[in-house]
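The values are calculated or read from the model by the stated rules, or taken from the named source; none is laboratory data. Small disclaimer: the values here were computed from a predicted structure and weren't measured. All Cβ positions, even for glycine, are placed from backbone atoms using ideal geometry, and neighbour counts span all protein chains on display.
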Amino acid sequence: MTLRLDEDVEACIVEMAEREQFSFNLLANRALRKLVEWEDKAGKFGFIQVPTSLVEKVFSILSDEEARELGREAGANTIPEMILFWFKKFNPENALKAMEMIGSYGNAFRLQYTLDGETDTVVLKHDRGPRVSAFYGEMFQSLFKPMGARVETRETDGQVVATIIRPLTGLASEHKDAPLIPSFAGAKNGRGYKR
């Protein structure tokens with residue numbers, strides 16, 4: 001396969017590759033992966049890019065309870081709709097894939113997770129203040145509740161740590177022997193923040 005690039009695009013990729021000390025092919029592959037995994041569907045789903053300063057301003061206007069209510073809405077409706085749109089199946093693995101995509105491609109946060117027997121831990125680092133933590137804390141609760149998982153969150157001004165306790169019986173019993181955190185290409189599984 002041959003790919004012809006506009007000269008200015010090629011020059012920018014070469015410059016970035018030299019600056020970041022990556023190969024031209026690696027950067028081109030990343031760009032194409034983002035196009036097929038994110039950009040194509042994100043536009044159809046209705047994602048928009050908003051400057052961080054504007055997001056911080058919006059959350060500074062909200063009360064703590066309003067931020068939590070927004071998080072509950074996102075976890076109960078918006079994120080599950082996104083998961084179904086992208087992956088066609090609403091399950092814990094796809095929920096974490098969606099969170100990884102929002103974090104890395106949407107530049108919303110950095111995500112790290114570890115597996116530990118019956119509990120899985122997700123660290124979502126955002127550095128945008130306590131109301132953003134309130135939003136993400138409630139979002140985790142609402143997102144995993146329909147799957148039968150119990151979620152305990154600890155919030156700081158810059159991050160949320162969510163402990164996801166796998167269901168033993170009931171709605172999501174088919175997941176009891178498998179961790180809720182997925183193993184998919186690119187997952188870091190506790191070895192560092194994925195950006």
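Condition test on TYR105, is it within 19 Å of LYS34 (Cα to Cα), out of contact with any Cys (no Cβ under 6 Å at 6 or more places or on another chain) and of a type in the set (Ser, Thr, Tyr)? For TYR105, the condition - within 19 Å of LYS34 (Cα to Cα), out of contact with any Cys (no Cβ under 6 Å at 6 or more places or on another chain) and of a type in the set (Ser, Thr, Tyr) - is met.
Among residues of the stretch 108-144 being within 24 Å of SER63 (Cα to Cα) and polar (S, T, N, Q), the one that is surrounded by the most Cβ atoms within 10 Å (Cβ to Cβ) is SER133.
Close Cβ contacts (under 6 Å, 6 or more residues apart or on different chains) running from residues in the stretch 81-96 that are assigned by TED's automatic domain parsing to the domain that holds ALA149 to residues that are in a loop (DSSP other than H, G, I, E, B) and not charged (D, E, K, R) comprise ILE83/PHE90; LEU84/PHE90; PRO92/LEU180; GLU93/PRO182; LEU96/ILE181; LEU96/PRO182.
Before we move on, is ILE102 loosely packed, with under 14 Cβ neighbours inside 10 Å and over 14 Å from GLY129 (Cβ atoms)?
On the way: loosely packed, with under 14 Cβ neighbours inside 10 Å: no; over 14 Å from GLY129 (Cβ atoms): yes.
The answer is no for ILE102.
Within the bounds of the stretch 67-89, is there any residue that is in a loop (DSSP other than H, G, I, E, B), hydrophobic (A, V, I, L, M, F, W, C) and at pLDDT 90 or above? Among the residues of the stretch 67-89, not one is in a loop (DSSP other than H, G, I, E, B), hydrophobic (A, V, I, L, M, F, W, C) and at pLDDT 90 or above, which makes the answer no. Put simply, of ASP40, ASP64, ASP6 the only residue that is closer than 21 Å to TYR136 by Cβ and loosely packed, with under 15 Cβ neighbours inside 10 Å is ASP64. Among the residues of the stretch 38-61, those that are outside any helix (DSSP H, G or I) and among the β-branched types (Val, Ile, Thr) comprise ILE48, VAL50.
When ALA162 is tested against (1) outside any helix (DSSP H, G or I); (2) modelled with pLDDT under 95; (3) at negative phi, only condition (2) is not met.
Restricting attention to the stretch 90-126 and to residues that are modelled with pLDDT of 90 or more and in a strand (DSSP E or B), the residue that is nearest to ILE165 (Cα to Cα) turns out to be THR121.
From the list LEU27, LEU35, the one residue that fits, being in a helix (DSSP H, G or I), under 22 Å from the mean Cα position of the chain (by Cα), at pLDDT 90 or above and among the aliphatic types (A, V, I, L, M), is LEU35.
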